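Remarks on the structure that follows.
Taken together, the values in this text are just the output of simple stated rules run on the coordinates, not laboratory data. From a predicted model like this one, the values you see are computed outputs, not experimental measurements. Glycine also receives a Cβ, built like all others from the backbone with ideal geometry; neighbour counts cover every protein chain displayed.
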C-alpha cells in the first residue's frame, strides 16, 4: 500500500516503472495538442483579464455623456475636436454645394445625387469635404461670412471647453488635510452650510426632504400602480424606520454630492479663468486647489475636445471603446455566473434524483420533462417585459431555465456510478448519503459537467444578448454586447462602427469559447470526437 | 402504435395546461395594467372598463373563465387594439411567421444534410473544410448579428436585395424573403451539417455498411438506401429543439427585417402589457412546439425499428 504522499509508482509485469496519471492530466495533454483549442483558451483569458481589469485602463467612463461628441467616427489620429470641426465643415460644404456655391461639375453632381438617393450619405460628406478642401486650397472656393463665423465658433469651443474631475475633497484641520469622505454627516453638513451661508436647521430639513423624495421615487419605481399619497405615506414610515447608520450614510452621500457639484462649478470657473489668462496652458493637468471655505480639492482639468475615440462614439457621445469593454464585463459576467448557478442547481437536483431514485426521481424528472416542453425563451421574455428590468432579474430568469440539461446529465452519470464497487464499499463502511454524493459521485462526474458547462457559456451569453437586443435585458446606462448591437441596428448605414465593433468583439469571443469547448470535450472524452 | 400516439396526445395536455396557467398568472401578478396610460383615467371609467373585461372578478374566476374560453378556441379581446380580438390578430400574422419558419427550416435541412453528407464522404478535402468552417461560423455568430450584417452588406451596400418588408404583403417581391430566411436558417444549418457529418461518418463505419460494400453494391445505393436511414436519426431528434429555436429566433428576424409576423406582436404586446394577446401568442407558440415535438417523436419511432412503442 502506498501512503497518500508517496508518488503513485507501480511496476508492470516486465518490472518497468509505470507512472500513474490522472484523467485531468491526460486530458490536458490532449488539449495541448489541439492548437485551435489553445488559441481559444488564450483569447478567452485575454477577454477575461480585460473584463476584470477594466477599471485599471485609462478609459473614459462608459456612461459619461458628452452631447457635442455625438456619433463621432472612430479615429486613431484625430482628436474629438478635429472630428467635430470636420463634421461642421462637411455640413457647410454640403450646404454650399446645395446652394451652388461649391461647384463640382455636372458628372459629379449626378454621382452625389445618386448617393443621396441610395442612402449613402457618408460618401457624400467625405467626397464634398475632399473636393471643397482641394478647391479652397486652390483658391476656387471661399467660405461665406456666416460659414466663417460658424467655423470660428467651433474652433473657439475646441480651444476653450474644459472639464473638471474632482479626485478628492479635503478639509484642513490643524494644518492637516483630512478627506471629507472620512468625516461624519454632522461635520460635512456644517461645511456645506457655511459654504452657502445657510442655517444648519434649514439644511437638515432640506436633506430630510430630499431623502424622503428619493424613497418615494424608489417605491414608485417598484410598484407602478401605487398612488402618490400611498407612496409618500410608505416613504414616511420607511424614513422613520431608518437606523442611525442608514441615515448617516444616505445623508452624508447626499451632502457630499452637493459639495462636489459646488466645488466642481467653482473649480471650472478658476480653470477657465486661468486658460483665458494663459492660453498656452497645456492640458490635462492635475492641481491641488485651495478653496475659500476652508476646504481644498484635488482636481483634474482636461480639455473636453482633446479626447480620442478609437472606436467612435454613440448617439449620446459616449465612448464606444469603453462601452464595449464594460459591456464585455457584463456579458461575460452574466454568462459565467449564470452557468455556475445553473450547474449548482443542476447538480443538486440531478444527484438527488439519481442517487435516491424511486419516487423522488420520478417526480423530479417529470418536473424536468414538463419544463422541457415549455417554450422557455418566451416565458423569459414575458418575465423581462413585465417585471423590473434589472441585471439581477435577467440573471434569475436565465438561471431558472438553464439547469435542466445539467440535472439530466448528472442524474445519468450518478445512476451509472451508483452501482460501482467503490460506492458499495463506501456504503458498507457506513458512509452517509451526503458523504457518498459529495465525496465520490460529484467529483467523478465533475469532468463532464465542466466540459458541458464550457459549451453552455456561449449559449448563455447569446441568450442574455438576445434579450438585451430586444431591449428586454440590460438597461442603460449599462451596456452589454446585445444592447450595443440592438442600439446600432436602426442607424447602421450612417454609423456602421456602432454595429461592427460590438459584433466583432462578441463573435471573436464566441468563436474562441466554442473552440475551447470542443477541444475540452475531445480531450476529456476522445471517443466523442466525431459527435456534435 | 396507435396506442402510443393516443398516449402521447394525452401527454400533451398537462404541458399545455402548465403553459397557459404559468403565463396567465405571471402576467396578472406583474405590476402595471393594460390601462395605465400616461393619462390617469377617472375612477368610474376605469371601473367600467375593468368590468367590461371581467377584471373586477377574483383572479381564480378570471382564470376559470379564460380556460373555458381557450377550450372553445376563443382567446379573448385584445386590450390595446380595441377593435380586434386576439384570434383575428393572430390569424393575420401567424401565416407569415409559419411560412418564414418553415422556409428557414427547409433551407437549413436541405443545405445542412446535403453538405454534411458530402463532407463525410469527402473527408479532409475542400468539400469537407468549407462547409464545416461555415458551420463553425454559424455556431458562433448569433442571429441578431447575422441579420443586421447581412442586411448591411446585401441590402444597404450591394443593393441586390430589399432591406425589409415581406412578400406576402402584396406589393413586394419574393426577394424580401431571402435575407430573413437565410439569417434565420444559418445557425440551424450549422448544427444540422455538423450532426449529419458526424453521424454519417459513424454509420459508414458500421458493420452493415461494410457487408453491403462486400456484396458489391453501388456506392450511391449504399449511401442513400442504407446509410441515410441510420444517419438521419440524430437529426430527427434534433428537430424538436430546432423548432423551439426557430420560433424564438423568428422574433429577432421579424424585428430586424420588419416582417409582419407573430414575433413582432409578441414583443410589442409584452411592452404594452396586453395580457390577452401575450397569453394568446404564448399558447399558439407552445401548441405549435408541442405538436412539432410530437411529430418528431412519431417520425423517430417510424425510422428506428429498435424503438418499441408502449
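Per the Debye formula with a single identical scatterer at each Cα and no solvent contribution, what log10 I(q)/I(0) holds for chain B at q = 0.14 Å⁻¹?
Treating every Cα as an identical point scatterer, log10 I(q)/I(0) equals -1.14.
Which angle from 0 to 90°, rounded to the nearest 10, does the C-alpha axis of helix A:121-138 make with the longest principal axis of chain A?
Approximately 40 degrees, to the nearest ten.
Given axes a ≥ b ≥ c from the Cα gyration tensor, I'd like to know whether the stretch A:37-126 is rounded (a/c under 1.5), prolate (a/b larger than b/c) or oblate.
Because a/c hits 1.5 or more and a/b exceeds b/c, the stretch A:37-126 counts as prolate.
Students often get this wrong: which residues of the stretch B:227-247 have the backbone nitrogen under 15 Å from the point 7 angstrom along Cα-to-C-beta of residue B:211?
Counting only backbone N, you get B:227, B:230.
By how many degrees, between 0 and 90 and to the nearest 10, does the Cα long axis of helix B:126-140 differ from the longest principal axis of chain B?
That works out to roughly 20 degrees.
Sort A:415-426, A:334-345 by packing, meaning the average of other beta carbons within 10 Å per residue, with the highest value first. Before the final figure, lay out the partial values.
On the way: A:415-426: 13.4, A:334-345: 19.4.
The packing order, highest mean first, is A:334-345, A:415-426.
Can you compute the modelled spin-label distance between residue A:14 and residue B:174, with each label point 7 Å from Cα toward Cβ, in nm?
The answer from the label model is 6.9 nm.
Provide the gained length on full extension for the span residue A:39 to residue A:245, in nm with one decimal, where the gain is 0.36 nm per separating residue minus the Cα-Cα distance. Write down the numbers at each step before the final one.
Values: separation 206, 0.36 × 206 = 74.16 nm, distance 5.09 nm.
Extending this stretch completely gives an extra 69.1 nm.
In nm, give the distance between the simple-model label positions of residue B:130 and residue A:288, each being 7 Å from the Cα along the Cα-to-Cβ direction.
7.0
So if we plug the beta-carbon distance of residue A:99 and residue A:198 into 1/(1 + (r/R0)^6) with R0 = 51 Å, what FRET efficiency do we get, rounded to 0.05?
0.35
How far, in nm, would the chain grow between residue A:118 and residue A:153 when pulled straight, counting 0.36 nm per residue and subtracting the alpha carbon separation? Kindly include the intermediate steps, with their values, before the conclusion.
Numbers: separation 35, 0.36 × 35 = 12.60 nm, distance 3.28 nm.
Here the answer is 9.3 nm.
So for the stretch A:80-159, what are the equivalent ellipsoid semi-axes in whole Å, largest first, each being the square root of 5 times an eigenvalue of the Cα gyration tensor?
Taking √(5λ) for each eigenvalue gives 22, 15, 10 Å, largest first.
Count, for each residue of B:244-251, the Cβ atoms from other chains sitting within 10 Å of its Cβ, then give me the mean as a whole number.
3
How far is it, in nm, from the label point at residue B:21 to the one at residue B:164 when both lie 7 Å from their Cα along the line to the Cβ?
Label-label distance for residue B:21 and residue B:164, simple model: 4.0 nm.
Suppose we look only past 29 Å in the calculated P(r) of the stretch A:320-524. What percent of the Cα-Cα pairs does that tail hold?
That tail contains 36 percent of the Cα-Cα pairs.
How many partner chain Cβ atoms sit within 10 Å of a residue's Cβ in peptide B:135-143, on average, as a whole number?
Whole-number average of other-chain Cβ neighbours for B:135-143 is 6.
Determine by what factor the alpha-carbon radius of gyration of the protein assembly as shown differs from 2.2 N^0.38 Å, reporting the quotient.
1.15
Taking each residue in A:380-391, count the Cβ atoms of any other chain within 10 Å of its Cβ, then average. What number comes out?
On the way: counts 1, 8, 12, 5, 1, 11, 12, 5, 2, 0, 0, 0.
Going residue by residue through A:380-391 and averaging, the value is 5.
By per-residue mean of other Cβ atoms within 10 Å, what is the highest-first order of A:448-459, B:182-193? Numbers along the way, then the final one.
Working: A:448-459: 19.4, B:182-193: 25.4.
Going by the mean number of other Cβ atoms within 10 Å, highest first, we get B:182-193, A:448-459.
With viscosity set to 0.890 mPa s and temperature to 25 °C, compute the Stokes-Einstein D of the stretch A:162-303, Rh being the Kirkwood radius across alpha carbon pairs; µm²/s, no decimals. Walk me through the numbers before you get to the answer.
On the way: Rh = 17.3 Å.
Estimated via Stokes-Einstein, D reaches 142 µm²/s.
Relative to the longest principal axis of the C-alpha atoms of chain A, give the angle of the C-alpha long axis of helix A:35-52, reported between 0 and 90° and rounded to the nearest 10°.
Computed tilt is about 50 degrees.
For the stretch A:219-352, count the residues as N, evaluate 2.2 N^0.38 Å, and divide the Cα radius of gyration by that value, please.
1.70
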